[in-house]
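Chemist: Sending over a structure as C-alpha cells; questions will come in a sec.
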Amino acid sequence: MDPAEFWSLGDYSVIGDLWAQAGRDIVASLTVENKDIVDLATGTGVSAIAAARRGGRSVIGVDVTQSLLEEAAHRAETAGVKPQWVQADMHQVPLGDNCADLVISTFGLIFSAEPLEALNEAKRLVRTGGEVVFSSWSSSGMFSHIRQALAPYFPDAPAPWHEDPEDIRRLVGPQAIIREGWFTVEVNSPETFVDLMEKHSAPIILGAQSLGPRWPEARDALLSTVRRWAEPSALGTSLRASYLVTSVPVP
Ligand SMILES: C[S@@+](CC[C@H](N)C(=O)[O-])C[C@H]1O[C@@H](n2cnc3c(N)ncnc32)[C@H](O)[C@@H]1O
C-alpha cells in the first residue's frame with residue numbers, strides 16, 4: 001500500500017495528539033531561532049508549528065499525506081504561524097541542496113521503508129554545520145513494549161532499527177548523538193487508549209484487518225501491556241512513554 005493511502009487509514013490527527021508533547025519538547029530542546037528548518041513527515045505539523053512559534057526563520061513541513069497537511073495548515077493558522085507545507089515523499093523532497101540548517105523528523109523518518117535513503121535525503125537538505133534530528137520509540141518504553149507484545153502475531157514484520165542506540169548507530173554511523181526523553185500520554189483509561197489506537201492508528205487498523213478473527217486475542221495482549229504502564233492521574237490514566245532523539249551532525 002502506498003504511504004499516503006496507509007496514513008489516511010483512521011484519523012492520525014486524533015492519536016498524533018496523544019504524543020504531540022514529545023514533538024514540542026524535542027523542538028524546545030533545539031536551537032531553532034533564526035534557522036531554516038524542514039520538518040520531514042510532519043503529519044499534523046506538531047513539530048513544524050512548534051519550530052515556527054519558537055522563532056524559526058523559515059519552516060517547511062513535508063508530508064506525503066495531503067489530508068494531514070490540510071490539518072497542519074489549519075492548526076498553523078490557529079496558532080498564528082505560517083510554515084510552508086509541501087506534499088512530497090521524504091525520499092525525494094522537492095527542495096534544493098543545503099536549504100536548511102536543521103531537518104527534524106519526529107516519529108516520521110522511522111517509518112521509511114528505506115531509512116538510509118531517507119536519512120541521506122534529509123542530509124542533502126542540510127548546510128554544513130547543521131544537523132538532522134529524528135525521534136523514535138525506545139526499547140525500554142511503552143510503545144516498544146506494545147510492538148513487542150504484538151510481534152508474535154506478525155512474524156514477518158522486520159525488526160526495528162531505531163529502538164536501541166547501538167542499532168541506530170549501526171545504520172546512521174558512530175557520529176550520531178543519542179539521548180532519551182519521556183512524556184506522559186493522558187487518557188481516561190487503558191481501554192480508552194486501546195480504543196483510540198484501534199480506531200485511528202494506521203498500523204493497528206491494518207494489523208487488525210490482517211489478523212481477522214485473531215485480532216481480539218492480539219488486542220488483549222495490547223491492552224494488558226498498556227495496563228502495565230498505567231498510573232492514576234487527574235484525567236484517569238497516565239502512561240509514561242520514553243523515546244530516543246538522534247542527532248546526526250552534517251559536517
Ligand atoms: C507517526 S506520523 C508522525 C507525524 C508527525 N511528525 C508527528 O510527530 O506527529 C508518520 C507520518 O509520516 C508520514 N509519512 C509516511 N511515509 C512517508 C513518506 N514516504 N514520505 C513523507 N511522509 C511520510 C505520514 O503521512 C505521517 O504523517
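One line per residue, one yes/no per condition, for (1) more than 10 Å from the ligand (Cβ to nearest atom); (2) under 14 Å from the mean Cα position of the chain (by Cα); (3) not hydrophobic (A, V, I, L, M, F, W, C):
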| position | (1), (2), (3) |
| --- | --- |
| 12 | no, yes, yes |
| 23 | no, yes, yes |
| 44 | no, yes, yes |
| 51 | yes, no, no |
| 55 | yes, no, yes |
| 61 | no, yes, yes |
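Chemist: Is it the case that residue 56 is at pLDDT 95 or above, at positive phi, out of contact with any Cys (no Cβ under 8 Å at 6 or more places or on another chain) and assigned to a loop (DSSP other than H, G, I, E, B)?
Modeler: No; evaluated as a whole, the condition is false for this residue.
Chemist: In the stretch 35-61, what residues are among the acidic types (Asp, Glu) and crowded, with 24+ Cβ neighbours inside 10 Å?
Modeler: 39
Chemist: Which condition number in (1) part of a helix (DSSP H, G or I); (2) closer than 25 Å to residue 3 by Cβ; (3) under 18 Å from the mean Cα position of the chain (by Cα) is the one that residue 145 fails?
Modeler: Going through the list (1) part of a helix (DSSP H, G or I); (2) closer than 25 Å to residue 3 by Cβ; (3) under 18 Å from the mean Cα position of the chain (by Cα), residue 145 breaks only (2).
Chemist: How do the pairs read when you match residues in the stretch 155-168 that are free of Cβ contacts under 8 Å to residues at least 24 places away in the same chain with residues anywhere that are among the aliphatic types (A, V, I, L, M) and surrounded by 17 or more Cβ atoms within 10 Å (Cβ to Cβ), using Cβ under 9 Å and keeping only pairs 6 or more apart or on different chains?
Modeler: What qualifies is 157/150.
Chemist: Tell me which residues, restricted to the stretch 224-237, are surrounded by fewer than 17 Cβ atoms within 10 Å (Cβ to Cβ) and either modelled with pLDDT of 95 or more or in a strand (DSSP E or B) (or both).
Modeler: Once the filter is applied, which keeps residues that are surrounded by fewer than 17 Cβ atoms within 10 Å (Cβ to Cβ) and either modelled with pLDDT of 95 or more or in a strand (DSSP E or B) (or both), the stretch 224-237 yields 224, 227, 228, 231, 232, 233, 236.
The values are calculated or read from the model by the stated rules, or taken from the named source; none is laboratory data. Quantities reported herein were computed from a predicted structural model and do not represent experimental measurements. Positions of Cβ are generated from backbone atoms using ideal geometry, with glycine treated the same way; all protein chains shown enter the neighbour counts.
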